[in-house]
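The values are calculated or read from the model by the stated rules, or taken from the named source; none is laboratory data. Just so it is clear, the model here is predicted, and its values are computed rather than measured. In this analysis, Cβ positions are derived from the backbone assuming ideal geometry, glycine residues included, and neighbour counts consider all displayed protein chains. Just the protein is used for accessible areas: all its heavy atoms, side chains included, with ligands, DNA and RNA removed. Shrake-Rupley method; radii C 1.70, N 1.55, O 1.52, S 1.80 Å.
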Amino acid sequence: MTQKAVKVLIKHVERKAALKALGKVHIFRHTFCSHLAMAGVPTMTIKELARHDDIKTTVKYMHLSPSAKRLGITMLTQSRAAGGTVVVAAEVPKAGGSD
């Protein structure tokens, strides 16, 4: 699919949604980064996936990660309990889980 074809499709969807048809593809980058942040993906991972040159660009999305602070404290607590070993974020139980 060409960039022009994608732009035409986006304009079509925008018109159907009663929005101004601009066909700007860049909005998908913002949506992608926002959803990653809301899913609790680490900042550096989002930076790499989005190919941001500067971490300041990525940090703009982190307000969407309500669990980021809790996750950090949980990881620190688990690491200390395990004698200072590295704890992988994927191993940290979600709030409200049965773990």
Give the residue that is nearest to the chain's Cα centre (by Cα), with candidates limited to residues of the stretch 50-60 that are surrounded by fewer than 13 Cβ atoms within 10 Å (Cβ to Cβ) and assigned to a loop (DSSP other than H, G, I, E, B).
-> Arg51
Regarding Ala37, is this residue at pLDDT 90 or above and small (Gly, Ala, Ser)?
-> no
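Name the single residue, out of those in the stretch 10-43 being of a type in the set (A, V, I, L, M, F, W, C) and surrounded by 13 or more Cβ atoms within 10 Å (Cβ to Cβ), that is farthest from Lys69 (Cα to Cα).
First pass over the stretch 10-43, keeping only residues of a type in the set (A, V, I, L, M, F, W, C): 10, 13, 17-19, 21-22, 25, 27-28, 32-33, 36-39, 41.
Next, from what is left, pick out any that are surrounded by 13 or more Cβ atoms within 10 Å (Cβ to Cβ): 10, 21, 32-33, 36-38, 41.
Values: Ile10: 36, Ala21: 38, Phe32: 21, Cys33: 18, Leu36: 16, Ala37: 12, Met38: 13, Val41: 12 Å.
Ranking the qualifying residues of the stretch 10-43, first place goes to Ala21.
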Test Ile46 against the criterion of being of a type in the set (Val, Ile, Thr), open to solvent by less than 50 Å² (accessible area, probe 1.4 Å) and touching a Cys at 6+ places or on another chain (Cβ under 8 Å), and give yes or no.
-> yes
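Could you say which residue among Ala21, Ala82, Ala68 is modelled with pLDDT of 90 or more and not hydroxyl-bearing (Ser, Thr, Tyr)? Don't jump to the end; show me each part of the working.
Details: Ala82 fails: modelled with pLDDT of 90 or more; Ala68 fails: modelled with pLDDT of 90 or more.
Checking each option against the conditions leaves just Ala21.
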Those residues that are open to solvent by less than 40 Å² (accessible area, probe 1.4 Å) and in a loop (DSSP other than H, G, I, E, B), I need them from the stretch 61-87; list them, please.
-> Tyr61, Ser65, Ser67, Val87
For the stretch 20-41, which residues satisfy the criterion of being of a type outside the set (Ser, Thr, Tyr) and touching a Leu at 6+ places or on another chain (Cβ under 9 Å)?
-> Gly23, Phe32, Cys33, His35, Leu36, Ala37, Met38, Gly40, Val41
Quick one: is Lys4 at pLDDT 90 or above, assigned to a loop (DSSP other than H, G, I, E, B) and over 24 Å from the mean Cα position of the chain (by Cα)?
-> no
Among residues belonging to the stretch 17-49 that are touching a His at 6+ places or on another chain (Cβ under 9 Å) and part of a helix (DSSP H, G or I), point out the one that is farthest from Met75 (Cα to Cα).
-> Cys33
